[in-house]
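Since the structure comes first, as structure tokens, the remarks are kept for the end.
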Amino acid sequence: GQVLEYEGQTALACYHAISAGHTEASENVWSTPLPYLCGVDSVLDLTSPDLAATVTMTSQEVYNSLLLAFPGLQLEGDPVNWFGQPQLTAAGYVDTIPVGPSQLAGTDVRQALGLRSACFTVAYADGQFTFTTTGYGHGVGMSQYGAYALALTGQTCDAILATYYPGTTLTTPK
């Protein structure tokens with residue numbers, strides 16, 4: 001029977017499974033900045049047994065997945081050179097990453113390769129890529145694991161919502 005509001009309007013209460021220790025700002029994932037989806041510390045997520053995951057793919061699988069998602073992308077030569085050094089957001093997620101001669105959004109690469117998070121690293125050896133992700137989901141708003149962990153420490157629902165959605169209020173409609 002309650003509604004989360006920001007400045008009198010219903011708030012977009014996004015959530016994800018596990019952050020990478022800090023939630024992501026909405027504009028880094030969906031291009032739209034919302035002041036209450038600004039990215040906050042969620043350090044208890046770092047205690048999750050499911051925080052990190054590793055996916056191994058052959059160079060052919062990576063090639064096929066990327067070309068399907070980004071027609072016209074040029075991936076030539078030794079696969080060890082396909083990925084460059086990523087630029088990270090303030091929260092540590094991949095903002096952009098060089099892939100071949102193109103600069104791609106980390107969120108787009110995450111989707112193309114089916115990764116759990118845009119907080120990832122890339123390694124290549126013996127014809128295979130290894131992607132290691134931290135967190136699970138888009139990273140915006142409330143972390144389900146972080147909220148659970150805060151509840152275990154005695155935090156109230158109101159306090160948890162205020163942590164993940166700064167500046168919002170929980171109201172009861174009339």
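The values are calculated or read from the model by the stated rules, or taken from the named source; none is laboratory data. If you're wondering where the values come from, they're calculated on a predicted model, not measured in any experiment. Positions of Cβ are generated from backbone atoms using ideal geometry, with glycine treated the same way; all protein chains shown enter the neighbour counts. Quick note on the areas: whole protein, heavy atoms, side chains included, nothing else; ligands and nucleic acids left out. Shrake-Rupley method; radii C 1.70, N 1.55, O 1.52, S 1.80 Å.
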Placed amide H near H22: partners under 5 Å, 5+ positions off or other chain | S42
Any chance you could give the angle, 0 to 90 degrees and rounded to 10, that helix 59-69 forms with the longest Cα principal axis of the chain?
-> 60 degrees
To the nearest 10 Å², what's R116's accessible area with a 1.4 Å probe?
-> 60 Å²
Inter-part distance where segment 1-80 and segment 120-142 are each reduced to a Cα centre, Å = 11 Å
R0 = 45 Å: FRET efficiency of D78 with Y148, Cβ-based, nearest 0.05?
-> 0.55
With each label point set 7 Å from Cα along the Cα-Cβ vector, what nm distance links D126 and Q111?
-> 3.4 nm
Please give the calculated 222 nm ellipticity per residue for the chain, where each DSSP H segment of at least 4 residues contributes -39500 (n - 2.57) and the sum is spread over every residue; nearest 500 deg cm²/dmol?
-> -6000 deg cm²/dmol
Restricting attention to the alpha-carbon atoms of segment 24-113, what are Rg (one decimal) and Dmax (integer), both in Å?
-> 15.2, 45
Along the positive direction of the dipole of the chain (beta-carbon charges: Lys, Arg +1; Asp, Glu -1; about the Cα centre), which of A91, T58, Y148 reaches farthest?
-> Y148
